[in-house]
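Structure record follows, encoded as structure tokens.
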Amino acid sequence: MKRGPMLETEILKRGDDSGNGTLIKYTSATGAVIKAIGVPLSWKSTLGPTWCYVIEGDDLTLVDPGCYGSLSYLEQGLKALGRSLTDVARIVVSHGHMDHDGSCPPVIRKSGAELWAHEMYGFMLQADRGDVERGWRREVQGFEAFEHSETMTRAMEHRELNHDLVLDHPVTDNLQAGGLTFYHTPGHSPDELCIKFDQVLFSGDHILPLITPHPSVAMSYNSFQAKLPSAYRGENEIYGLKALLTSLKRMAELDGNLTVLPAHRAFFRGQFNPIGVGRATEILEHHRNRCHELTDVMKSGPKELVAITREYFSNRELEEQNFFLAFTEVMAHIELMQEAGDISTHGNVSSGNAWSNGLGPNVLISWDGTDNFSGLIDGL
């Protein structure tokens, strides 16, 4: 056994070095037991598994049942724990990305389990997210391969399969129900939840060890604002890096004795990676540093977003999904710097070439020599 902060850990079954197929038992100081199943992704990835957390009580609860296309691994994991899909009474989804909720339809069909997620998740099930955002992506040189990639094909299949899901229990911020406390932590995804149980915080993709969550872009809010539930149509608090950093600050202020159980990298390359809520502050500082690093790229003069992306990530192979992730990562930081007044844009932004955030494929971006973004972050 190996002891992490507040939890004892025991490997019940070893899978591969990344954790795929691994079963883990966590025990808190109060005696609460949580089991974890390393559910592999169903496409080639270096991320490692999605960790599906199993809470056994009067009813069986799964937190993030895992990837679309990997149901058999979830079934095998439950069988090794002496349970089956038919035992599942409740599924709690941290957010609606296919490596987290992709197995919801078959699990619900076999078990009749209730589906719990943030109320925004119910809206996102019906929203044609890919169709709405595909328009601006088509204008970016380098996105063509991503649009025709295996990842996008699976994402479209996932959307169709999940379209008929019914959100039985829409969750709101600070709700306490079923032995859980729910915190709305948007930024990576507008419906992201962190979920407190006993002395544990299930963090989904919001707080991760070893890696940092990918921020959404604030521009997405402009695309969906008119269609959002009325409570979310005011100021944008659910999309973009600013939303992510605000949520991270909030989680960092929770009880420091909480142990964070993330959806990825909890166990990776043969070792545990225990973290607490203080990891949220480390991630926030990572994004502040990334803003500083991007100013170095822009010092040499105005550049388009694609050029900034390729220069900043010049040590990586940017193809298909990697280019999409790198480009939107840079754009999320540029949006924050734009709001802080640290950058200027040049070009015919009124000609229709600019997007709703004032950026675009033919828009040049220059740094104004300030770092107001740092004060903006401090003031969140």
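The values are calculated or read from the model by the stated rules, or taken from the named source; none is laboratory data. Since the structure is predicted, the reported quantities are computational estimates derived from the model, not experimental observations. Note that each Cβ is placed from the backbone with ideal geometry, even for glycine, and that neighbours are counted across all protein chains shown.
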Review point. Restricting the stretch 47-74 to residues that are among the small types (Gly, Ala, Ser) and within 14 Å of residue 101 (Cα to Cα), which is nearest to the chain's Cα centre (by Cα)?
Key: 66
**Study point:** residue 206, sole failed condition from (1) in contact with a Cys (Cβ under 6 Å, 6 or more places away or on another chain); (2) part of a helix (DSSP H, G or I); (3) not acidic (Asp, Glu)
**Key:** (2)
Study note, to complete from the structure: Note on the stretch 45-101: residues β-branched (Val, Ile, Thr) and touching a Gly at 6+ places or on another chain (Cβ under 6 Å) are 50
Exercise for review: Find the residue count for the stretch 275-321, including only residues that are over 28 Å from residue 252 (Cβ atoms) and assigned to a loop (DSSP other than H, G, I, E, B).
Suggested key: 12
Review point. In the stretch 196-203, is there at least one residue being in contact with an Asp or Glu (Cβ under 9 Å, 6 or more places away or on another chain), part of a loop (DSSP other than H, G, I, E, B) and not assigned by TED's automatic domain parsing to the domain that holds residue 338?
Key: yes
**Study point:** Condition check for residue 82: in contact with a helix residue (DSSP H, G or I) (Cβ under 6 Å, 6 or more places away or on another chain), in the same structural domain as residue 172 (by TED's automatic domain parsing) and among the small types (Gly, Ala, Ser)
**Key:** no
Exercise for review: Looking only at the stretch 90-99, decide whether some residue is on the phi > 0 side of the Ramachandran plot and acidic (Asp, Glu).
Suggested key: no
Point to revise | Qualifying residue in the stretch 293-301 (condition: closer than 30 Å to residue 347 by Cα and surrounded by 20 or more Cβ atoms within 10 Å (Cβ to Cβ)) | key: yes
Practice item. Only residues that are free of Cβ contacts under 8 Å to residues at least 60 places away in the same chain, under 26 Å from residue 57 (Cβ atoms) and either surrounded by fewer than 18 Cβ atoms within 10 Å (Cβ to Cβ) or among the aliphatic types (A, V, I, L, M) (or both): list them for the stretch 26-45, please. Key: 27, 31, 33, 37
Exercise for review: Only residues in the stretch 216-232 that are within 20 Å of residue 335 (Cα to Cα) count as the first member; pair them with residues that are modelled with pLDDT of 85 or more and exposed (fewer than 14 other Cβ atoms within 10 Å of the Cβ), Cβ under 7 angstrom, at least 6 apart or cross-chain, and list the lot.
Suggested key: 225/233
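Residues checked against (1) at positive phi; (2) at pLDDT below 85; (3) assigned by TED's automatic domain parsing to the domain that holds residue 295:
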position	(1), (2), (3)
342	no, no, yes
345	no, no, yes
349	no, yes, yes
352	yes, yes, yes
357	no, no, yes
360	yes, no, yes
365	no, no, yes
369	yes, no, yes
374	no, no, yes
